[in-house]
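**Q** Just dropping this structure here.
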Amino acid sequence: MSFKLTADCMRYAPWSNSKAKMALNCPWQFRKKYVERVKGVEPPATSRRKVGLAAHETVEAMLKRPDVPIDNILRIQEGKHDLTSAETDELRLYKSQILEFGERIRKFVAAKGAETKSPLLVELRMAITPDFEPCEFFNNDGLFRGVIDLGIPTHGGNLVVIDHKARAKGRMEWYLEQLRGYQILGVYGLKVPDFNILAVQPAVHYILDGTIDWIPVMMRREISIRMRNWLIEFLNKAGAFGNKNDQWTGKHCDWCGYTEACEAFTAMQTSSGGSDGKAAATTEVNI
């Protein structure tokens, strides 16, 4: 059975995974941001978030410029994110794991990397049209887009896609929609000269403990049937939810820029006794 894109889906395109999840988790937040285009007030970054972002960007900078000493990269990130001395110490805890990850990638590319112009694809933007053809990332006529943290074409025709998470190993099911999106973008949105993608294998790299958690490799044909239909169904549902105006509270409230005007959030805060209970009463909807 082949699924077709609905009018509701196309009304709110182009989509990303985070945009679709916002529609599914809180249609009201989605409408404020993407339909009414109201400028929200982003919550102040927590210490953990600042350090995590700095660690994430350190990994990417190291992969882009392996000739630059890691301490130089860390110092740049400390200044960029205005880290306190305690936050700087916490960031430094990532150093050995980041270096070890870089060495693992170097050895992997030497052993299995394809002979392409760019053996490492770092922070690569990809997008596809409703006909599942590649297009420019900011093309407003596109259907779906995303940015991969790290892509590695192999000489066997596989595209390895690694997403960095600045934490210790978590639950893979938290990231499955994101990884499925990378499978689609890898097949339909990535064009590497003289490289034919036969399969895609995504993974999550947990920076804090160095773990790399893989999901099974999927062949191009299976992606073109099963994952293509999954994406259409996922985006169609997001489009239908985008028509709603319901306020649903949950973990997503922690980084919502519209909580001050949200009646559901105010009620949740009142019932939970203050700001420490943001996720105490959740009606979050997940696929």
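**Q** Of all residues in the stretch 232-287, count the ones that are assigned to a helix (DSSP H, G or I), of a type in the set (Gly, Ala, Ser) and modelled with pLDDT under 95. Don't jump to the end; show me each part of the working.
**A** Here is the first cut: in the stretch 232-287, the residues assigned to a helix (DSSP H, G or I) are 232-242, 251-255, 259-261, 263-272, 275-277.
Among the residues that remain, those that are also of a type in the set (Gly, Ala, Ser) are: 238-240, 242, 261, 264, 267, 271-272, 275, 277.
Among the residues that remain, those that are also modelled with pLDDT under 95 are: 261, 264, 267, 271-272, 275, 277.
Residues flagged as assigned to a helix (DSSP H, G or I), of a type in the set (Gly, Ala, Ser) and modelled with pLDDT under 95 within the stretch 232-287 amount to 7.
**Q** May I pose another question? I'd like the full set of residues that are assigned to a helix (DSSP H, G or I) and either without any contact (Cβ under 8 Å) to a residue 24 or more places away in the chain or not acidic (Asp, Glu) (or both), limited to the stretch 58-70.
**A** 58, 59, 61, 62, 63, 64, 70
**Q** May I pose another question? Answer yes if at least one residue in the stretch 181-197 is within 19 Å of residue 21 (Cα to Cα), surrounded by 21 or more Cβ atoms within 10 Å (Cβ to Cβ), in contact with a Leu (Cβ under 9 Å, 6 or more places away or on another chain) and in contact (Cβ under 8 Å) with a residue 60 or more places away in the chain, and no otherwise.
**A** The answer is yes, given that some residue of the stretch 181-197 is within 19 Å of residue 21 (Cα to Cα), surrounded by 21 or more Cβ atoms within 10 Å (Cβ to Cβ), in contact with a Leu (Cβ under 9 Å, 6 or more places away or on another chain) and in contact (Cβ under 8 Å) with a residue 60 or more places away in the chain.
**Q** If you go through the stretch 198-220, how many residues are free of Cβ contacts under 8 Å to residues at least 40 places away in the same chain and either more than 16 Å from the chain's Cα centre (by Cα) or not assigned by TED's automatic domain parsing to the domain that holds residue 174 (or both)?
**A** Of the residues in the stretch 198-220, the ones free of Cβ contacts under 8 Å to residues at least 40 places away in the same chain are 214, 216, 218-220.
Still in the running and either more than 16 Å from the chain's Cα centre (by Cα) or not assigned by TED's automatic domain parsing to the domain that holds residue 174 (or both): 216, 218-220.
Going through the stretch 198-220 one residue at a time, the tally reaches 4.
**Q** So how many residues does the stretch 153-174 have that are at pLDDT 95 or above and within 15 Å of the chain's Cα centre (by Cα)?
**A** Looking only at that region, the number is 5.
**Q** Would you pick out the residues in the stretch 43-73 that are among the polar types (S, T, N, Q), surrounded by 12 or more Cβ atoms within 10 Å (Cβ to Cβ) and more than 30 Å from residue 260 (Cα to Cα)? It would help to see each step written out before you state the result.
**A** First, the residues of the stretch 43-73 that are among the polar types (S, T, N, Q): 46-47, 58, 72.
From the residues that got through so far, the ones that are surrounded by 12 or more Cβ atoms within 10 Å (Cβ to Cβ) too are 47, 58.
Once the filter is applied, which keeps residues that are among the polar types (S, T, N, Q), surrounded by 12 or more Cβ atoms within 10 Å (Cβ to Cβ) and more than 30 Å from residue 260 (Cα to Cα), the stretch 43-73 yields only 58.
**Q** If you take the residues in the stretch 109-133 that are under 22 Å from residue 6 (Cα atoms) and out of contact with any strand residue (DSSP E or B) (no Cβ under 6 Å at 6 or more places or on another chain), which one is surrounded by the fewest Cβ atoms within 10 Å (Cβ to Cβ)?
**A** Taking the stretch 109-133 as the starting set, the residues that turn out to be under 22 Å from residue 6 (Cα atoms) are 127-133.
From the residues that got through so far, the ones that are out of contact with any strand residue (DSSP E or B) (no Cβ under 6 Å at 6 or more places or on another chain) too are 129-133.
Working: 129: 18, 130: 18, 131: 9, 132: 16, 133: 12.
Per the stated criteria, the residue is 131.
**Q** Here's something else I'd like to know. Using the structure shown, decide if residue 140 is out of contact with any strand residue (DSSP E or B) (no Cβ under 7 Å at 6 or more places or on another chain) and more than 15 Å from residue 231 (Cα to Cα).
**A** Values: out of contact with any strand residue (DSSP E or B) (no Cβ under 7 Å at 6 or more places or on another chain): yes; more than 15 Å from residue 231 (Cα to Cα): yes.
Judged against the criteria, residue 140 is a match.
**Q** Among the residues of the stretch 74-89 satisfying the criterion of being within 14 Å of residue 166 (Cβ to Cβ) and among the hydrophobic types (A, V, I, L, M, F, W, C), which is surrounded by the most Cβ atoms within 10 Å (Cβ to Cβ)? Don't jump to the end; show me each part of the working.
**A** First pass over the stretch 74-89, keeping only residues within 14 Å of residue 166 (Cβ to Cβ): 74, 77, 81, 83, 87.
From what is left, the residues that are among the hydrophobic types (A, V, I, L, M, F, W, C) are 74, 83.
Details: 74: 22, 83: 19.
Only one residue tops the list, namely 74.
**Q** Tell me, yes or no, whether the stretch 133-147 has at least one residue that is over 15 Å from the mean Cα position of the chain (by Cα), small (Gly, Ala, Ser), modelled with pLDDT under 95 and assigned to a loop (DSSP other than H, G, I, E, B).
**A** Checked the stretch 133-147: no residue is over 15 Å from the mean Cα position of the chain (by Cα), small (Gly, Ala, Ser), modelled with pLDDT under 95 and assigned to a loop (DSSP other than H, G, I, E, B).
**Q** Contact list please: Cβ distance under 9 Å, first residue in the stretch 40-52 and within 17 Å of residue 253 (Cβ to Cβ), second residue of a type in the set (Ser, Thr, Tyr) and assigned to a loop (DSSP other than H, G, I, E, B), pairs at least six apart or on different chains.
**A** 40/258; 41/258
The values are calculated or read from the model by the stated rules, or taken from the named source; none is laboratory data. Quick caveat, the model's predicted, so the values are computed rather than measured. Quick reminder, even Gly has a Cβ in these numbers, built from the backbone with ideal geometry, and neighbours come from all protein chains shown.
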